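Peer 1: Can you read through this structure? Questions will come right after.
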Amino acid sequence: MAISNGAGGYQLGDGNLGEPTMGYGSAPVTATDTATLTAAQVLNGIILATPTAAASYTLPTVALLEAALPSANVGNTVDFVIINLASNSSYDITLVAGTGWTITGGGVVVVQELSSAQFRGRKTGDGTWQLYRIA
């Protein structure tokens, strides 16, 4: 299907219904070895990871995330993906809860080498978020 070559503008639910719905995304951000992720990295949506050893990525504190999302309400969600580009089978990434986070299904989530994982964070209250691995 061809992408619209129109004059631009907002067309969600408007215009030619045969055209695909398009979004906009910033260039992916990067991370390497063990670190605390920033709110900006999580909110970017795609983190390209190239650890040089087994790594732990700690989620930013909920206070930092909510400072970047001042209008977030209970029930709002944020999705992001971590893509582990390491080619060494022992260079897995362990995602760890930061202050204010609860990870569903346990305290850590592993993203194996040469794979990716999609996550959804959901605001559950003032200063609290729940993280789900959804893919």
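Peer 1: Determine the distance separating the Cα centre of region 107-135 from the Cα centre of region 28-89; give it in Å without decimals.
Peer 2: With region 107-135 and region 28-89 each reduced to a Cα centre, they are spaced 9 Å.
Peer 1: Going by accessible area, probe 1.4 Å, with all protein chains left in place, what is the ranking of 109, 96, largest first? Before the final figure, lay out the partial values.
Peer 2: Values: 109 15, 96 45 Å².
Most to least solvent-accessible, the answer reads 96, 109.
Peer 1: Here is a follow-up. Just the accessible area for residue 90, please: 1.4 Å probe, Å², rounded to the nearest 10?
Peer 2: The accessible area comes out at roughly 70 Å².
Peer 1: How far apart, in nm, are the 7 Å Cα→Cβ label points at residue 122 and residue 32?
Peer 2: The answer from the label model is 3.7 nm.
The values are calculated or read from the model by the stated rules, or taken from the named source; none is laboratory data. Every value quoted in this text rests on a predicted model; they were computed, and no experiment measured them. Don't worry about glycine lacking a Cβ; one is built from the backbone with ideal geometry, like all the others, and counts go over all protein chains shown. Keep in mind that these areas ignore ligands, DNA and RNA; they rest on the heavy atoms of the full protein, side chains included. Shrake-Rupley method; radii C 1.70, N 1.55, O 1.52, S 1.80 Å.
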